[in-house]
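Worksheet: the structure to be examined is printed underneath.
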Amino acid sequence: MTSGLGDGTATIEVDEGLYPKDAVYGAAYIFIDRCYVHLDRAGEQRIKVTLKPKKPGLDAEALVGEFQNELLGQAWRRQIAEENRAFIESITARALGGAAGPPGLDDLLAMDIGEESAFEDPLGIAMSWEEKYKKKDKPAEGEAAPEAATPAEGEKTP
Amino acid sequence: MTELRFHEELYDGFAIDEAVKVYAPYAAIDLSRDGKHYVVKVTASAETVEQGVTEGDLGAELLNYALGQTISRRGAEAGSPPVEKKEA
């Protein structure tokens, strides 16, 4: 089978069982600016990659080594991305949710807040100032007044 | 004449069409099928050769363009949400 690239080429055969097609494409794309790249089938589950350097000074065999390294890197990167897909999607969804900003008036009106679903308020934040700091009833007669109310000895009262 | 062969499992047909359109002003290009291969025959025009571009280089550039377009198209397709297979 001819690649159409003429002389000065180097070829590699890649097993698709080891390196997925996307990894081969990824590596080919990296080399497309330095080489002419041709892909062909070399059999079942095998891809033949032909490289021809664009500049005459470049060594085709050295490029083959570089291509194989890139291929390995691409395959490994894709495997990591695949393993962490759920995690990446979760982070992206959270980031997009945060970027959407606080809920609008329509969202708040659409929320179902009733007696049962209302939030708890253990710190009394939702309580009014009067309700929270209202004066307590005066102590009954005969009971000692609180110490703070009686001025200390020698202290002048206004 | 330079003959280029593109396997249908590795190259997108639309990408090859696009590459042929891009390089058509510089060469006479014939497109055909041979089994599982798209066959592109490139004959550089006299003007192109006069400008110092060899037929081999022109064919090789077409080859790279078709590969680049194939990868771009695959990337665009991969960006769309995958279709989940539901078990019956």
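Residues that are more than 9 Å from chain B (Cβ to nearest Cβ) and among the charged types (D, E, K, R) were ranked within the range A:41-75; the one that is farthest from residue A:12 (Cα to Cα) is A:55. For the range B:40-66, the candidate set comprises residues that are of a type in the set (Gly, Ala, Ser) and on the phi < 0 side of the Ramachandran plot; within that set, the residue that is surrounded by the fewest Cβ atoms within 10 Å (Cβ to Cβ) is B:46. Among what's in the range A:10-40 and is of a type in the set (Val, Ile, Thr) and more than 10 Å from chain B (Cβ to nearest Cβ), pick the residue that is nearest to residue A:52 (Cα to Cα). If we take residues in the range A:10-40 being of a type in the set (Val, Ile, Thr) and more than 10 Å from chain B (Cβ to nearest Cβ), then A:11 is nearest to residue A:52 (Cα to Cα).
Being under 30 Å from residue B:11 (Cα atoms), modelled with pLDDT of 90 or more, among the hydroxyl-bearing types (Ser, Thr, Tyr) and touching a strand residue (DSSP E or B) at 6+ places or on another chain (Cβ under 7 Å): is that true of residue A:11 here?
Working: under 30 Å from residue B:11 (Cα atoms): yes; modelled with pLDDT of 90 or more: yes; among the hydroxyl-bearing types (Ser, Thr, Tyr): yes; touching a strand residue (DSSP E or B) at 6+ places or on another chain (Cβ under 7 Å): yes.
Yes, satisfied.
The values are calculated or read from the model by the stated rules, or taken from the named source; none is laboratory data. Only a predicted model underlies this, so the values are computations on that prediction, with no experimental measurement involved. Methodologically, a virtual Cβ is constructed for each residue, glycine included, from the backbone with ideal geometry; neighbour enumeration extends over all protein chains shown.
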